[in-house]
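Only one structure is covered here, and it is reproduced in the block below.
The values are calculated or read from the model by the stated rules, or taken from the named source; none is laboratory data. Because the structure is predicted, anything quoted here is derived from the model rather than measured. Note that we place each Cβ from the backbone using ideal geometry, even for glycine, and neighbour counts take in every protein chain shown.
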Amino acid sequence: MMKITKPGFQRRAQCFLTGCLIAWAVCELESRSQIVVLTLNEPYEQVRKQSRSSLPAADAHNAILLPVTRPTQFRLADSQYGFSTPRGRWLSIFPQYGRVRSVNWIPQVGGMALDETIAFVMKLQDELRRKGWLQILSASDPPVVDSPEVRELIRRDQWHTTYWQAGERYQVSIQVNRFFRNADGAERRYEVHLSLNKPFMKDKTLHEGAISPVAPHPGMVTVKYWSGDTEKTYATDFPDSFLFQSFDWNGLSLERKFADWCVPVMEIEITSLDKDGNRVDPSRASSLTTSLYGPGHRFLRYSRPIPQMESSTWPVIDEDAIRELLLPPEEVLQSDPASSASVLSD
């Protein structure tokens, strides 16, 4: 005897399955759209409002650690140094007096194979470099590269933490750890831990005010004339080759596009001297010298003095003409105290 299924039951079953699929799709879409957007020292409640995330409300019971409960993307909302990371399984904000003090997070949902881990970190490092971040302490803690030595150190759980700094605003640490959920006998998997803080690690091998080679000039240059008068002018008034002192990690001066770090010229002091070494008006001077300074009035270099000329042929020089005497780095004769070695000294 043939069994007859009621059409109403089939329709209810189809509706039930369709509803389950829709609910699953909505949950998955909501999970993938989770994102935390912030800057340091921002009010925590403002971060909650501008983010789509599961960040909890701050109260007396969780005032030290504020973690998300769903996988979340991260974005540093800074117009100059901002960057983002993909959805990760863990992120926690550490507040102080109601503001964001630091952030720790893991920018992936599960463990990654070694090849994938190295590619992930190298891509993140490239993004930081493009945004103007400068790696510090590279002599002892170099960046991740795809080499047999780095791979072996990561396999042994001996890879160090690397530190990246964005001016005086931020410092990011990158650490590679073994994924703790590895099953016995399974391929080793790894995860990346990131931490965002105010700068606290110092690199004494770098000149004060050192920035990434791709970072822009801060914007203004102060020019001090022989009379003591000063003028602020835009950095765009000078050639790019003149605005930066660029070095590799060994302190060797080289072109900015090949450099590991550089120091922007922030001050220019123009000195006009007579034949006895006294400061005089440029129209009566025997030589003109420009002294260049970086951030914090740290001396960088002298430019080449203008050769002594006979008074009968010495032109009348005004302040606009003096600008034309500012020579690019390849025309610079460095004095003893302004040698490349002194640039690296405290």
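Tabulated data
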quantity: Selection count, segment 130-150, where residues are surrounded by 17 or more Cβ atoms within 10 Å (Cβ to Cβ) and outside any loop (DSSP other than H, G, I, E, B); calculated: 4
quantity: In segment 255-290, the residues that are among the polar types (S, T, N, Q), in a strand (DSSP E or B) and free of Cβ contacts under 8 Å to residues at least 24 places away in the same chain; calculated: Ser287, Thr289
quantity: Some residue of segment 139-149 being over 17 Å from Leu114 (Cβ atoms), hydrophobic (A, V, I, L, M, F, W, C) and modelled with pLDDT under 90; calculated: yes
quantity: Every pair of residues 6+ apart whose Cβ atoms lie under 6 Å, when the first sits in segment 80-92 and is modelled with pLDDT of 90 or more and surrounded by 15 or more Cβ atoms within 10 Å (Cβ to Cβ) while the second is of a type in the set (S, T, N, Q) and assigned to a loop (DSSP other than H, G, I, E, B); calculated: Gly88/Gln108
quantity: Residue list for segment 212-267, filter: touching an Asp or Glu at 6+ places or on another chain (Cβ under 7 Å), under 24 Å from Tyr170 (Cα atoms) and surrounded by fewer than 16 Cβ atoms within 10 Å (Cβ to Cβ); calculated: Asp248, Trp249
quantity: Failed item, numbered, when Arg101 is tested on (1) of a type in the set (D, E, K, R); (2) without any contact (Cβ under 8 Å) to a residue 40 or more places away in the chain; (3) part of a strand (DSSP E or B); calculated: (2)
quantity: Test: Gln108 is polar (S, T, N, Q), surrounded by fewer than 14 Cβ atoms within 10 Å (Cβ to Cβ) and either in a loop (DSSP other than H, G, I, E, B) or assigned by TED's automatic domain parsing to the domain that holds Ile64 (or both); calculated: no
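This table checks each residue for (1) within 18 Å of Ser92 (Cβ to Cβ); (2) of a type in the set (Ser, Thr, Tyr); (3) at pLDDT 70 or above.
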| position | (1), (2), (3) |
| --- | --- |
| Ala25 | no, no, no |
| Arg32 | no, no, no |
| Val37 | yes, no, yes |
| Ser53 | yes, yes, yes |
| His61 | yes, no, no |
| Leu65 | yes, no, yes |
| Val68 | yes, no, yes |
| Pro71 | yes, no, yes |
